[in-house]
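Right, one structure below, let's go through it.
The values are calculated or read from the model by the stated rules, or taken from the named source; none is laboratory data. Everything numeric here is computed off the predicted structure, so don't read it as measured data. We place every Cβ from the backbone using ideal geometry, glycine too, and count neighbours over all the protein chains shown.
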């Protein structure tokens, strides 16, 4: 290709190899083979063997495997279309196939906002390799040099002669050629790519709007039964007496099965309890209602959210484990002209994907076939194998659409339930969680408490910043001894840029009494709320513009170093992603411009701001609030500017950010899960409300044009919303809300 | 158990069911029409919305005995070729993220457009207030309803 300029990424070419998988499958079939090193970094031992990624059939149909789970981020469009775009395919002649759980795909854990970051280069390379082989096949047929041929619109063209040959008619000849090495494959210049010129089609749009998309809850097999499980109200509880006589009398109920008792650490094990297996969901639900079960609650029965909040408050008012330290913060606070202090609190949250957990399993003799809406197919495969005493290779796991994931569907507990119950019933069994099950038996987002103290000198300059956090760690789900946040769990706190010469961050004790799990953007919901609310408090304490104070606290444009932040090494800084305060400042300044920040403040409008870096992306938000006719606070507008580096599919990045605004408002206004007597008190969307359409503000999104490396899109929009809202509410009402959720305080 | 006839998308189906069984489970588990979704079971989220004689109802709280005498329309029967103006607009605007709540959203919006062919934002917010979207697609839902309302009449219905 004469126009091609970009060589394939050399680092990438050592990690992944494109290989031919041809012959019997017909046409040109290319597979990817990951290096043993890459596979070793992934999810355990994996075969160093290729797997089908793209097929160009003799009929011209291009089939591309998507190995990442689709949960609303549009990955089944974004990644396969990177390949198709690089190839020069007609988007109408594509078929996207969802990959099963298979270690040969490398990492399939769709979590942490890194699908595009990790697979963009792989998709480009696979598409360019296929294109190069098709061009070589055409060159041989026409006896012309391959490098003058171009591929677009599903055909190879010779501009010199005007000849063209469709991909389908070249596929067999291309399959007979050697696969070029990555170093010899040229990528297209970006300007040639459709994604640079406009919006990509929406692969699954038609299936979504006609009810044809098949989610985990939708798969049906002949002879299939449906199970609903009565789980212990308290984590670690177990049934002491089960009377299933009335349940078995419900028409349609086939069997009542006791699941194995749970024991710590939680991992992805089912919680235990009693399952009712029936011909259909309604009979299973009625059967469960008819069960009589007595429980022994176990040691977590003492868990009480009111008392726990007090325990966390006590914890953050005493020293904890030092996370990062620069200078002598205690001396700097003692010598400050003014000290500003505040405490922040937030509750447990739960994911509530619109599709509650559901999975179908068919356990056979030495095998199990599973259909599941999972974010982490290979872990689910392993967990099912472990529970049934099989090898992972004996478990076939098909990934369905996910009706929302948000981290809940990374956990395989519900999938293991289906497998165990299928084995017990000797039939395919579909487990259906009700919404009450989902809310009462989740992997909860951590509650948390913070205490922040800052010292200002006589010129109101920041001279000291001490932050203490207490929150139950996700680590406790895997290691019962983990009792405070550490390492990656500190997320944005690990490298929050601060100009203060004395800084200390501490993590304080907070043992877990429920299963703690990651939820969209994870602890950064907590960390960003505390840090960015506190910046608002510094502005209030000094009578200054909150945007100016925020920029001053962050300091000048620079790349952070481990030394500056006071740690041994930077935590959120893979190669090419060193934290860049300049990019953070830019999104803050840009969101201020876009929202008319200065003019709004001059006009007396209530606006709040927050800036944040997470998942390697830079985000800033402005929220505008006002009183409605009944003098209730209403949210009018949200502006959000993100710099996620390059994007593969701008419209889906935008939709993720739009959704993040709503997700952030839901947790800020309503997010509250509480325990009493060890059991979760909330039940359904009446006691765990979410933002509805009439509460959704006008949302204005801007994606900063960037040539920086791809970063996260699904999660980083969430954390700045709550603090920006808290800061806006303060501007309107003069009331500083230091505890989420806000809805009750706003009505008072 | 009783024997009932459900008229769904113009076709009669005879089912044997507890008369209290919610229409949702009859559609999904007895008739295999899985386009109608379970989200809460308490008429709080709207994922299960279908039409009974053209009115949007929550099928999770509608007993089959009450639905048996009426014309039931589900997402599978909203249009013959998936080209109801709302379905077209939903794809063009790129409304869905995970897509799970969208059948319910579209059925609510279709009933709204039947009653109010040119709704305002406020009317959309009122009519769609019972449908939760956890992905947060609300702004695009408003845009897509307006687009469908402005689409030329005729065609799919």
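A few notes on this one:
- The single condition among (1) at the interface with another protein chain (Cβ under 7 Å from one of its Cβ atoms); (2) surrounded by fewer than 19 Cβ atoms within 10 Å (Cβ to Cβ); (3) under 14 Å from residue B:8 (Cα atoms) that residue B:76 does not satisfy is (2).
- Odd one out for residue A:98, checked against (1) within 30 Å of residue A:660 (Cβ to Cβ); (2) at pLDDT 95 or above; (3) surrounded by 24 or more Cβ atoms within 10 Å (Cβ to Cβ): (3)
- For segment A:660-681, filtered to residues that are part of a loop (DSSP other than H, G, I, E, B) and surrounded by fewer than 20 Cβ atoms within 10 Å (Cβ to Cβ), the residue that is farthest from the other protein chains (Cβ to nearest Cβ) is A:677.
- Among the residues here, residue A:512 does not qualify as assigned by TED's automatic domain parsing to the domain that holds residue A:559, within 27 Å of residue A:111 (Cα to Cα) and modelled with pLDDT under 95.
- Segment B:26-48, subset in a helix (DSSP H, G or I) and touching a residue at least 24 places away in the same chain (Cβ under 8 Å), residue surrounded by the fewest Cβ atoms within 10 Å (Cβ to Cβ): B:27
- The single condition among (1) over 21 Å from residue A:309 (Cβ atoms); (2) in a loop (DSSP other than H, G, I, E, B); (3) in contact with a helix residue (DSSP H, G or I) (Cβ under 6 Å, 6 or more places away or on another chain) that residue A:458 does not satisfy is (3).
- Residue in segment A:569-590 that is within 13 Å of residue A:608 (Cα to Cα) and either in contact (Cβ under 8 Å) with a residue 24 or more places away in the chain or in a helix (DSSP H, G or I) (or both) present: yes
- Neighbours by Cβ (under 8 Å, 6+ apart or cross-chain): first from segment B:49-61, free of Cβ contacts under 8 Å to residues at least 60 places away in the same chain; second in a strand (DSSP E or B) and surrounded by fewer than 17 Cβ atoms within 10 Å (Cβ to Cβ): B:52/B:71; B:53/B:71
- Any hit, segment A:195-203, residues being touching a strand residue (DSSP E or B) at 6+ places or on another chain (Cβ under 8 Å), free of Cβ contacts under 8 Å to residues at least 60 places away in the same chain, surrounded by fewer than 18 Cβ atoms within 10 Å (Cβ to Cβ) and more than 14 Å from chain B (Cβ to nearest Cβ): no
- Qualifying residue in segment A:126-139 (condition: in contact (Cβ under 8 Å) with a residue 40 or more places away in the chain and closer than 30 Å to residue A:402 by Cα): yes
- Verdict on residue B:82 being on the phi > 0 side of the Ramachandran plot and either assigned to a loop (DSSP other than H, G, I, E, B) or in the same structural domain as residue B:43 (by TED's automatic domain parsing) (or both): yes
- Subset of segment A:114-151 (residues that are outside any helix (DSSP H, G or I) and surrounded by 24 or more Cβ atoms within 10 Å (Cβ to Cβ)): A:149, A:151
- Residues in segment B:49-73 that are assigned to a strand (DSSP E or B), surrounded by 20 or more Cβ atoms within 10 Å (Cβ to Cβ) and away from chain A (no Cβ under 11 Å): B:49, B:51, B:56, B:57, B:58, B:72, B:73.
- Lone unmet requirement of (1) under 22 Å from residue A:72 (Cα atoms); (2) at pLDDT 95 or above for residue A:683: (1)
- Among residues of segment B:10-21, those that are crowded, with 24+ Cβ neighbours inside 10 Å and either outside any loop (DSSP other than H, G, I, E, B) or more than 7 Å from every other protein chain (Cβ to nearest Cβ) (or both), counted: 1
- Residue match in segment A:693-704 (condition: closer than 17 Å to residue A:348 by Cα and at the interface with chain B (Cβ under 9 Å from one of its Cβ atoms)): no
- Between A:399, A:395, the distinction of being buried (at least 24 other Cβ atoms within 10 Å of the Cβ) and more than 20 Å from residue A:112 (Cα to Cα) belongs to A:395 only.
- Tally, over segment B:122-138, of residues that are out of contact with any helix residue (DSSP H, G or I) (no Cβ under 6 Å at 6 or more places or on another chain) and assigned to a helix (DSSP H, G or I): 3
- Residue within segment A:535-554 that is more than 29 Å from residue A:328 (Cβ to Cβ) and under 22 Å from the mean Cα position of the chain (by Cα) present: no
- Some residue of segment B:100-108 being surrounded by 18 or more Cβ atoms within 10 Å (Cβ to Cβ), part of a loop (DSSP other than H, G, I, E, B), at the interface with chain A (Cβ under 7 Å from one of its Cβ atoms) and touching a strand residue (DSSP E or B) at 6+ places or on another chain (Cβ under 7 Å): yes
- Restricting B:94, B:129, B:82 to residues that are under 15 Å from residue B:46 (Cα atoms) and either at the interface with another protein chain (Cβ under 9 Å from one of its Cβ atoms) or surrounded by fewer than 24 Cβ atoms within 10 Å (Cβ to Cβ) (or both) narrows the list to B:129.
- Remark: residue A:134 matches the filter, which requires a residue to be touching a helix residue (DSSP H, G or I) at 6+ places or on another chain (Cβ under 6 Å) and at pLDDT 95 or above.
- Odd one out for residue B:7 among (1) surrounded by 24 or more Cβ atoms within 10 Å (Cβ to Cβ); (2) more than 10 Å from chain A (Cβ to nearest Cβ); (3) over 12 Å from the mean Cα position of the chain (by Cα): (1)
- Among residues of segment A:689-719, those that are surrounded by fewer than 22 Cβ atoms within 10 Å (Cβ to Cβ) and in a loop (DSSP other than H, G, I, E, B), counted: 9
- Residue A:156 falls short on exactly one of the conditions (1) part of a strand (DSSP E or B); (2) closer than 30 Å to residue A:714 by Cβ, and that condition is (2).
- The conditions of being at the interface with another protein chain (Cβ under 7 Å from one of its Cβ atoms) and in contact (Cβ under 8 Å) with a residue 12 or more places away in the chain are met by residue B:137.
- The requirement of being within 14 Å of chain B (Cβ to nearest Cβ), surrounded by fewer than 24 Cβ atoms within 10 Å (Cβ to Cβ) and in contact with a helix residue (DSSP H, G or I) (Cβ under 7 Å, 6 or more places away or on another chain) is fulfilled nowhere in segment A:616-632; no residue meets it.
- Among all residues of segment A:619-639, there is at least one that is in a strand (DSSP E or B) and within 17 Å of the chain's Cα centre (by Cα).
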